[in-house]
Amino acid sequence: MTKRVLPASMMSGIVLVALVLAGCSGGGGAENEAAPPSKSLQVCERYMGEANLKGAIDSLGNGEKRVSATDSSAHLVGRLTSEAKAWSEGDLLHNEYAVCRIDFPSEGGAAVLEASVKWSVLTFDLLSKPKYAKSWKPLNDQVFVEHETGQASMRLLVACAVPGAPAGQQADAPLQLGVADPGLEAERRQALLSTLARTLVDELGCTNKPAVPADLVR
């Protein structure tokens, strides 16, 4: 049987078509290397600021990471609002919610960056007592910060009067927000926490309008 040899021009055309099809199927174009951010990462960015979070992630290692976040803003704010409205004096049972958690796997385990929120059992009256005044510092009359704990973390207490909540809730059950991490610079940690606090204050519609400063490490 005589073998048929395709002309060189036809062979070149076949190779060209194959390369085009490979590119269309995601075979290595640069545009296919950058996957869109996950829904959870977008939630984290919305609460703590896209630039703030990117800077924190880059400083911790921009390798593999697992991101989880609250189901939705409406769910989180709804739960916090319901708890505030049901609050009564002496109530010491408050749920803590993980707003965002990012795990950075490593050989020794996993480094974790986590942001959380809850209604605190620390009243503003307690913060004036020597036991608490050592670690909790006022930033203004409605915001206190705790950052000298010897750990890679920082917490805020913010007086937030939720619409429809009982009188006294804002001082006796302030909003407690925290950021814990594997060892960020204080400036990066405060940027995440300050943005988180201002975002939630806005979403909860705190009627007393607490002013959360950007600088938390005065």
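The values are calculated or read from the model by the stated rules, or taken from the named source; none is laboratory data. Since we're looking at a predicted model, the values are computed, not measured. In this analysis, Cβ positions are derived from the backbone assuming ideal geometry, glycine residues included, and neighbour counts consider all displayed protein chains. To get the accessible areas, we keep the full protein, side chains included, count just its heavy atoms, and leave off ligands, DNA and RNA. Shrake-Rupley method; radii C 1.70, N 1.55, O 1.52, S 1.80 Å.
The residues on offer are GLY164, GLY183, and the sole one that is assigned to a loop (DSSP other than H, G, I, E, B), touching a helix residue (DSSP H, G or I) at 6+ places or on another chain (Cβ under 7 Å), surrounded by fewer than 16 Cβ atoms within 10 Å (Cβ to Cβ) and not β-branched (Val, Ile, Thr) is GLY164. For THR195, only one of the following conditions fails: (1) touching a strand residue (DSSP E or B) at 6+ places or on another chain (Cβ under 9 Å); (2) on the phi < 0 side of the Ramachandran plot. What is its number? The failed condition is (1). Considering segment 32-128, the qualifying helices (runs of 4 or more DSSP H), each wholly inside and each with 3 or more residues that are under 26 Å from ALA159 (Cβ atoms) and in contact with a helix residue (DSSP H, G or I) (Cβ under 9 Å, 6 or more places away or on another chain), run over 39-48, 73-86. Taking the criterion of being buried (at least 19 other Cβ atoms within 10 Å of the Cβ) and in contact (Cβ under 8 Å) with a residue 40 or more places away in the chain, no residue of segment 125-138 qualifies. Taking the criterion of being open to solvent by 70 Å² or more (accessible area, probe 1.4 Å), more than 22 Å from ARG188 (Cα to Cα) and modelled with pLDDT under 95, the residues of segment 57-85 that qualify are ASP71, ALA74, HIS75.
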